[in-house]
């Protein structure tokens, strides 16, 4: 299990950021290599992400779902469940957004198995950290 926290700032107000978190068709493409395949419900999508880890390139497909949303606290829990295409691994994560005017925090708890995990926890943490840092920059600009 890899757990990471990322603070971010934005010039958007909290209501704009909150609406973006709940709009998965806008949110998922903020992840480098991420795209929505189809909307499966009001708070869920099928998605895929292409990730580069060192010399390896992998594609994961799965679901992203809003499992908790507290509008009064501007706190949302998103659950990501994905399988590596052509491999045995998976990448699952609970991502908690805590928003305020001018920014917020993203807490990620990820479980990675298969080829990606074989690269070692240090490599997984480094790649995940860079991915989330890039995500928060794109999210802040949406």
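Bear in mind that the values in this text are calculations on the coordinates, not laboratory data. In this text, all values refer to a predicted model and were calculated from it rather than measured experimentally. FYI the Cβ positions are ideal-geometry reconstructions off the backbone, even for glycines, and counts take in every protein chain you see.
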Margin query: Given R₀ = 25 Å, what would the calculated FRET efficiency be for residue 52 paired with residue 138, taking r from the Cβ atoms and rounding to 0.05?
Written below: 0.90
Next item on the list: Calculate the spin-label point distance for residue 125 paired with residue 37, positioning each point 7 Å from the Cα along the beta-carbon direction, and give it in nanometres.
Entry: 3.2
Next item on the list: Work out the FRET efficiency for residue 67 and residue 88 from their Cβ-Cβ distance, taking R0 = 25 Å, and round it to the nearest 0.05.
Entry: 0.45
Item checked: Label zone at residue 96 (point 7 Å along Cα-to-Cβ), backbone N below 17 Å, the stretch 1-30 -> 1-8
Check: Given the options 132, 37, 112, which has the most mean-square fluctuation in a GNM of the chain, springs set between C-alpha atoms less than 10 angstrom apart?
Finding: 37
Note to self: Can you compute the modelled spin-label distance between residue 9 and residue 59, with each label point 7 Å from Cα toward Cβ, in nm?
What the structure shows: 3.9
Next item on the list: Find the centroid of the Cα atoms in the stretch 12-27 and in the stretch 117-142, then give the distance between the two in whole Å.
Entry: 20
Next item on the list: Report the calculated FRET efficiency for residue 77 and residue 113 (r = Cβ-Cβ distance, R0 = 35 Å), to the nearest 0.05.
Entry: 0.95
Note to self: Please compute, over every Cα-Cα pair in the stretch 2-141, the percentage with a separation greater than 24 angstrom.
What the structure shows: 26
